[in-house]
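**Q** Before I ask anything, let me first share the structure, which is written out below as structure tokens.
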Amino acid sequence: MSKAFTKEPEGDEDDDLALPPLPAGTKNYMTPQGYQRLRAELVSLIDVERPKVVEVVHWAASNGDRSENGDYLYGKKRLREIDRRIRFLTKRLDRAEVADPSAHHGNDQIFFGATVTYANQAGVERTITIKGIDEVDNLQGEVSWISPIARALLKAREGDEVQLMTPGGLERLEVLEVRYPAPGEPQDAA
């Protein structure tokens, strides 16, 4: 059968496949910087990238036979990808709850946005920052607030010992330091 007569999926079915799961009934917590980054990406897709691709697709469609027109086929595929990302970002930003970590500056209790240094039973220290699920960068030591390590640490204070269930068994962690960015200071500087 010719591809011209096959129905392509709308893309709505797989939108949620890319969504990291949120606990039922919770907000999508984000730092102000994370919210601005996603918002800037959405605006760029809508105002810059999508119009460019639409222009290419329009030009390619005017060239005639679309079945073997690479610009047209690639452009349509890219439009679907852009539209899918726009829907994803719109959903995530609609559910976003911006929480400014600097509101806890000087506090020694762990909440969203904290940068925490802890030691495991072997004395190995690690520093992580608790952020929203859409803004984490594991290579930078950032973890999602719904990750097991963050859930174990949340509401603990400096000097507390918490328990973390790992695949290797129960692990005890000691909270060594809790930091928050100062008001007006970027999150990354904490």
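**Q** Based on this model, can you work out whether Arg84 counts as basic (Lys, Arg), in contact with a helix residue (DSSP H, G or I) (Cβ under 8 Å, 6 or more places away or on another chain) and either surrounded by fewer than 19 Cβ atoms within 10 Å (Cβ to Cβ) or at negative phi (or both)?
**A** Details: basic (Lys, Arg): yes; in contact with a helix residue (DSSP H, G or I) (Cβ under 8 Å, 6 or more places away or on another chain): yes; either surrounded by fewer than 19 Cβ atoms within 10 Å (Cβ to Cβ) or at negative phi (or both): yes.
Against the criterion (basic (Lys, Arg), in contact with a helix residue (DSSP H, G or I) (Cβ under 8 Å, 6 or more places away or on another chain) and either surrounded by fewer than 19 Cβ atoms within 10 Å (Cβ to Cβ) or at negative phi (or both)), Arg84 qualifies.
**Q** Within the group Leu164, Leu170, which residue is open to solvent by 80 Å² or more (accessible area, probe 1.4 Å), hydrophobic (A, V, I, L, M, F, W, C) and in a strand (DSSP E or B)? If you could, list the steps in order and put the result at the bottom.
**A** Values: Leu164 fails: open to solvent by 80 Å² or more (accessible area, probe 1.4 Å).
Step by step, each of Leu164, Leu170 is checked, and only Leu170 is open to solvent by 80 Å² or more (accessible area, probe 1.4 Å), hydrophobic (A, V, I, L, M, F, W, C) and in a strand (DSSP E or B).
**Q** Please work out if Thr117 is hydroxyl-bearing (Ser, Thr, Tyr), closer than 21 Å to Arg151 by Cβ, open to solvent by less than 70 Å² (accessible area, probe 1.4 Å) and part of a loop (DSSP other than H, G, I, E, B).
**A** Numbers: hydroxyl-bearing (Ser, Thr, Tyr): yes; closer than 21 Å to Arg151 by Cβ: yes; open to solvent by less than 70 Å² (accessible area, probe 1.4 Å): yes; part of a loop (DSSP other than H, G, I, E, B): no.
For Thr117, the condition - hydroxyl-bearing (Ser, Thr, Tyr), closer than 21 Å to Arg151 by Cβ, open to solvent by less than 70 Å² (accessible area, probe 1.4 Å) and part of a loop (DSSP other than H, G, I, E, B) - is not met.
**Q** Additional query: Give me the pairs: first residue in the range 49-75 and assigned to a loop (DSSP other than H, G, I, E, B), second residue open to solvent by 100 Å² or more (accessible area, probe 1.4 Å) and at pLDDT below 90, beta-carbon distance under 8 Å, and six or more apart or on different chains, which are they?
**A** Ser67/Lys3
**Q** Still on this structure: Would you say Leu42 is modelled with pLDDT of 95 or more, within 14 Å of the chain's Cα centre (by Cα) and among the aliphatic types (A, V, I, L, M)? Give the derivation first.
**A** Working: modelled with pLDDT of 95 or more: yes; within 14 Å of the chain's Cα centre (by Cα): yes; among the aliphatic types (A, V, I, L, M): yes.
Yes.
**Q** Out of Asp71, Asp94, I need the residue that is touching a helix residue (DSSP H, G or I) at 6+ places or on another chain (Cβ under 9 Å) and charged (D, E, K, R). Which one?
**A** Asp71
The values are calculated or read from the model by the stated rules, or taken from the named source; none is laboratory data. Computed from a predicted model, the values in this text were never measured in an experiment. Counting neighbours? That spans all protein chains shown, and the Cβs are built from the backbone with ideal geometry, glycine included. Keep in mind that these areas ignore ligands, DNA and RNA; they rest on the heavy atoms of the full protein, side chains included. Shrake-Rupley method; radii C 1.70, N 1.55, O 1.52, S 1.80 Å.
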